[in-house]
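Comments concern the structure below.
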Amino acid sequence: MTALPSQLRHLLTVAEYLALGEDPEWVRYELQEGNLVMSPKPMPEHQIAVQELVVQLRGQLPGDVRAIFDVDVDLELVQPSAPGTVRAPDIAVVSNAELARRREQGGVLRAGGVRLVVEVISPGSRRLDTMVKRDEYADAGIPHYWIVDLGGPGEHITLTAHHLAGEFGPVTSNSGDAGPVAGTFATTEPFPVRVDLDALV
């Protein structure tokens, strides 16, 4: 955001949030039910992991989607005139049709065009990533959500994959294993892909 108002006197719609402009280089803003939520920019290890994961995914994605990192997505949880929610997932795999819609109409990417979101846990974001955002992404109808945990010194990097299970929301799905995966993550949904987790940092 180029110029954050000194006092926000009401909850923001998505349009009002977007009108604030780009984030300053030292912070990252998201919109949660009309409230601005600020977090510091991620640490280098986090950014390296995100970039490496995009590189690994890029060669395996089908031609009708693109992987984008740190981009605003309107979760479309409310009417445009109501206080909105906009998240900036570490990675969003978005349909080419949604990218074309945004280019033609402007605005922001919409959850309906997102096939997969990925969040890499940062210090201070564990509960947000594993609970709050998981439920928000499910409510938005985003079919797949991966959580990457870089762990601490001496710990393995893990990936926990969630997918929508009809009207009952997200369930964990890791090729039949309900726990996090270390080493190599392989799946066929939402597209066939293998990820070398140890190569992320």
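The values are calculated or read from the model by the stated rules, or taken from the named source; none is laboratory data. Bear in mind the structure is a predicted one, so any value in this text is a computation, not a measurement. Quick reminder, even Gly has a Cβ in these numbers, built from the backbone with ideal geometry, and neighbours come from all protein chains shown.
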Taking the range 153-188 only, how many residues are within 26 Å of GLU45 (Cα to Cα), crowded, with 18+ Cβ neighbours inside 10 Å and at pLDDT 60 or above? 10
Going through the range 111-141 in order, the residues found to be closer than 21 Å to VAL54 by Cβ, at pLDDT 95 or above and either over 12 Å from the mean Cα position of the chain (by Cα) or loosely packed, with under 15 Cβ neighbours inside 10 Å (or both) are GLY113
Within the range 62-74, can one find any residue that is closer than 19 Å to ASP135 by Cα and in contact with a Ser or Thr (Cβ under 9 Å, 6 or more places away or on another chain)? yes
Within the range 51-90, count every residue that is of a type in the set (S, T, N, Q) and free of Cβ contacts under 8 Å to residues at least 12 places away in the same chain. 1
Looking at the range 13-20, can you tell me whether even one residue there is touching a residue at least 60 places away in the same chain (Cβ under 8 Å) and exposed (fewer than 12 other Cβ atoms within 10 Å of the Cβ)? no
Selection within the range 104-130 - without any contact (Cβ under 8 Å) to a residue 40 or more places away in the chain and part of a loop (DSSP other than H, G, I, E, B): GLY106, ILE121
In this structure, does GLU76 turn out to be under 19 Å from GLU16 (Cβ atoms) and under 17 Å from the mean Cα position of the chain (by Cα)? yes
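Here's the yes/no breakdown for (1) in a helix (DSSP H, G or I); (2) at pLDDT below 90; (3) basic (Lys, Arg):
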residue: GLY21; (1), (2), (3): no, yes, no
residue: GLU25; (1), (2), (3): no, yes, no
residue: ARG28; (1), (2), (3): no, yes, yes
residue: LEU31; (1), (2), (3): no, no, no
residue: SER39; (1), (2), (3): no, yes, no
residue: GLU45; (1), (2), (3): yes, no, no
residue: GLY63; (1), (2), (3): no, no, no
residue: ILE68; (1), (2), (3): no, no, no
residue: VAL78; (1), (2), (3): no, no, no
Matching residues in the range 50-104 - criterion: being hydroxyl-bearing (Ser, Thr, Tyr) and farther than 19 Å from MET38 by Cβ: SER81, SER95
Go through (1) part of a loop (DSSP other than H, G, I, E, B); (2) crowded, with 18+ Cβ neighbours inside 10 Å; (3) in contact with a helix residue (DSSP H, G or I) (Cβ under 8 Å, 6 or more places away or on another chain) one by one and return the number of the condition PRO83 breaks. (3)
Somewhere in the range 141-152, is a residue in a strand (DSSP E or B), of a type in the set (A, V, I, L, M, F, W, C) and either touching a Lys or Arg at 6+ places or on another chain (Cβ under 9 Å) or touching a residue at least 60 places away in the same chain (Cβ under 8 Å) (or both)? yes
Filtering the range 12-37 down to residues that are over 12 Å from ALA88 (Cα atoms) and aromatic (Phe, Trp, Tyr), which residue is nearest to the chain's Cα centre (by Cα)? TYR17
Residue ID - surrounded by the most Cβ atoms within 10 Å (Cβ to Cβ), chosen from residues in the range 22-50 that are in contact (Cβ under 8 Å) with a residue 40 or more places away in the chain and acidic (Asp, Glu): GLU30
